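Asker: Structure incoming, see below.
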Amino acid sequence: MNMIKAATASDYDALYKDGYRQQLSGCEYARLAALKHFLSKVCRVNRDCDVLDYGAGAGLHLPLWEELFAPERIFYCDISETAASVFAQHFHERKTHYRMIRNGMADYSDESMDYVISVEVMEHVQDLDCYLRDIFRILRPGGTFVWTTPCGNRFSVEHMWSMIRGQIESTPEGYRRWTWEDPTHVRRIRTTEAADRVCSIGFESPIFRMRSHLFSFLATYTPPMYRFAAFREWLMQGDYSMFRMLPNGASMLAAAKKPQSD
């Protein structure tokens, strides 16, 4: 079994210098639409609360956050200095809201946030428990951790495709990853595994919704659909709008509360 190493801050600095994750593309539009529904209709977020985008990168999701939350109460963090610099260039008026993650800890005080939202980060971090403990630390009692991550549940389109092609490998921590996807991904975690990990840190049992990736798969690999960007983006939204309650999704949206203090 090969050791799978997560990308470092220096690796991400190099990626962000090359324009990494600075514009929405492909299935990210569908993810954004799903996330908006999940936050507003499932989590029923309160606009007047303190929110941290944990692993914010260059601010890809800032427009959605400012649609749902008061801009002056939204904060950001990442491990990449270059991402922070790009963020400051694009969103100069928000640059003082951006802080760094160092040695596994974001530069925010204990119990300072009502929501911590982490979009497509869980699959990248080497030490999953360290990441979860830091988010737990930052949340106020009764606060909510919201995350999205690629899902390893059985019988999703991507799981079956990868299994047939022999493109699933085990990871040293006992999970799995698809060998064809982003090389900075170190795991595909299942919903049951995610629930076990967050609960072991002290969170309450999470709620899940799914994006099946059925339409995303068809839109990506079936010509000539890939030529029509607007139709492709609309089609991909069906993965969540039609199938979000089914367990065999290829991408999870989840929320778990930090218990109230006694």
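Just so it is clear, none of the values below were taken in a lab; they were calculated from the coordinates. None of the values given here were measured: they were computed from a predicted structure. Positions of Cβ are generated from backbone atoms using ideal geometry, with glycine treated the same way; all protein chains shown enter the neighbour counts.
Asker: Along the charge dipole of the stretch 1-54, Cβ charges K/R +1 and D/E -1, which of GLN23, VAL42, ALA7 sits furthest on the positive end?
Answerer: It is VAL42.
Asker: Hey, another quick one. Between MET160 and GLU93, how many nm apart are label points set 7 Å from Cα along the C-beta direction?
Answerer: Taking the two extended label points, one gets 4.9 nm.
Asker: Just how large is the dipole of the chain about the Cα centre, in debye to the nearest 20, putting +1 at every Lys and Arg Cβ and -1 at every Asp and Glu Cβ?
Answerer: Dipole size: approximately 760 debye.
Asker: Given LYS36/LYS95; LYS17/LYS258; LYS17/LYS95; LYS41/LYS257; LYS41/LYS258; LYS36/LYS257, which pairs have Cα atoms separated by over 26 Å?
Answerer: LYS17/LYS258
Asker: Please report CYS130, CYS77 as a ranked list, fewest other C-beta atoms within 10 angstrom at the top and most at the bottom.
Answerer: Listing CYS130, CYS77 from fewest to most nearby Cβ atoms yields CYS130, CYS77.
Asker: A further question follows. Expressed as a rounded percentage, what relative contact order does the chain have, with Cα pairs under 8 Å and six or more residues apart?
Answerer: Relative contact order here is 21 percent.
Asker: Listed highest first by mean packing, meaning other Cβ atoms within 10 Å per residue, what order do 28-37, 15-24, 181-190 come in?
Answerer: 28-37, 181-190, 15-24
Asker: Let me ask you something else. Towards the positive end of the charge dipole of the stretch 161-262, with charges on Cβ (+1 Lys, Arg; -1 Asp, Glu), say which of PHE231, TYR175, MET245 has the farthest Cα.
Answerer: Toward the positive end, the furthest listed residue is PHE231.
Asker: Excluding LEU246 itself, calculate the net charge of residues whose Cβ lies under 13 Å from the Cβ of LEU246, where each Lys or Arg counts +1 and each Asp or Glu counts -1.
Answerer: That sum, taken over residues with Cβ under 13 Å, equals +3.
Asker: Ok, one more. According to the square roots a ≥ b ≥ c of the eigenvalues of the Cα gyration tensor, what is the shape class of the chain, taking rounded for a/c under 1.5, prolate for a/b larger than b/c otherwise, and oblate for the remainder?
Answerer: rounded
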